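Asker: Have a look at the structure that comes next, please.
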Amino acid sequence: MLKTEELAAERRLIEASQEDPSRFAGLYERYFYRVYAFALARTGEQSMAEDVTSETFRRAFQHLPGFQWRGVPFSSWLFRIAANAATDMQAKGGRQVPLDKVAEQSADPTNEMALIEERVQLLELVERLPRDQRRVIVLRFSEGRRAREIAEAIGRSEGAVKQLQLRALQNLRTWIGESYD
């Protein structure tokens, strides 16, 4: 649960965005990874999660003037929008989520939120990596490319790619360890 100070800061950001739509970027930046991780957990597909995330923020921006603060984290509203967007896109695209995946998602919402928060933390840590390390991690683990393909894409040798990956993983392990201390 968010602390009182965090909720107050969140409320100020929402109100500022309602008064000046150009301030919505602050909300977008603050919640992007959480919404994306939520969408990825719901859809199981990177491209569909990207679409759901985009649609979520489009709808949130469109309906922000009517948003009323009720002391509940703004992310709850965004997650509801994202869940609806995922359902709409799956219905529209004819894609069905397997029943076992639906059961997993609805079995323990607390566990689902914990997994989403872990993914958000990991995405935020990946963003902290130096540019080349970040590119290697994204290409390797998000897109599933092999070292040779990554080397060609970034103009480095396979050995350099493996070294960048090793350093990136070491950095991530260190940072994750620090966050649990």
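Asker: Springs between alpha-carbon atoms under 10 Å, Gaussian network over the chain: tell me which of Phe38, Phe141, Phe79 tops the mean-square fluctuations.
Answerer: Top of the fluctuation ranking is Phe141.
Asker: For Rg and Dmax of the Cα atoms in Å, several values are listed as (1) 18.5, 54; (2) 15.8, 49; (3) 24.3, 91; flag the one computed from this structure.
Answerer: Matching the structure shown: (1).
Asker: Suppose every Lys and Arg Cβ carries +1 and every Asp and Glu Cβ carries -1, with no other charges. What dipole size does the range 129-181 come out with about its Cα centre, to the nearest 20 debye?
Answerer: I would put it at about 160 debye.
Asker: Can you compute the charge dipole magnitude of the chain about its Cα centre, using +1 on each Lys and Arg Cβ and -1 on each Asp and Glu Cβ, nothing else charged? Give it in debye, rounded to the nearest 20.
Answerer: Dipole about the Cα centre, nearest 20: 440 debye.
Asker: Then there's this: With each run of n ≥ 4 DSSP H residues scored as -39500 (n - 2.57), what mean residue ellipticity at 222 nm is computed for the chain after dividing by its residue count and rounding to the nearest 500 deg cm²/dmol?
Answerer: Counting only the DSSP helices, I get -25500 deg cm²/dmol.
Asker: Using a 10 angstrom cutoff on alpha carbons, build the Gaussian network for the chain and name the most mobile of Arg30, Arg59, Arg70.
Answerer: Comparing Arg30, Arg59, Arg70 in a Gaussian network model of the chain, the most mobile one is Arg70.
Asker: How far, in nm, would the chain grow between Ala114 and Val72 when pulled straight, counting 0.36 nm per residue and subtracting the alpha carbon separation?
Answerer: Full extension from Ala114 to Val72 adds 13.3 nm.
Asker: Let me ask another. In the range 129-181, if the dipole is taken from +1 on Lys/Arg beta carbons and -1 on Asp/Glu beta carbons about the Cα centre, which of Trp175, Leu129, Leu164 is farthest to the positive end?
Answerer: Farthest along the dipole direction, towards plus: Leu164.
Asker: Which whole-Hz ³J(HN,Hα) couplings does the range 133-143 yield from phi under the Karplus relation 6.51 cos²θ - 1.76 cosθ + 1.60, θ = phi - 60°, glycine and proline marked x?
Answerer: Going residue by residue, I get 5, 4, 4, 5, 4, 5, 5, 6, 9, 8, 9 Hz, with x marking Gly and Pro.
Here, each number is a calculation from the coordinates, and none is a lab measurement. Because the structure is a prediction, the values reported are computed rather than measured. Every residue, glycine among them, receives a Cβ derived from its backbone with ideal geometry; neighbour counts consider all protein chains shown.
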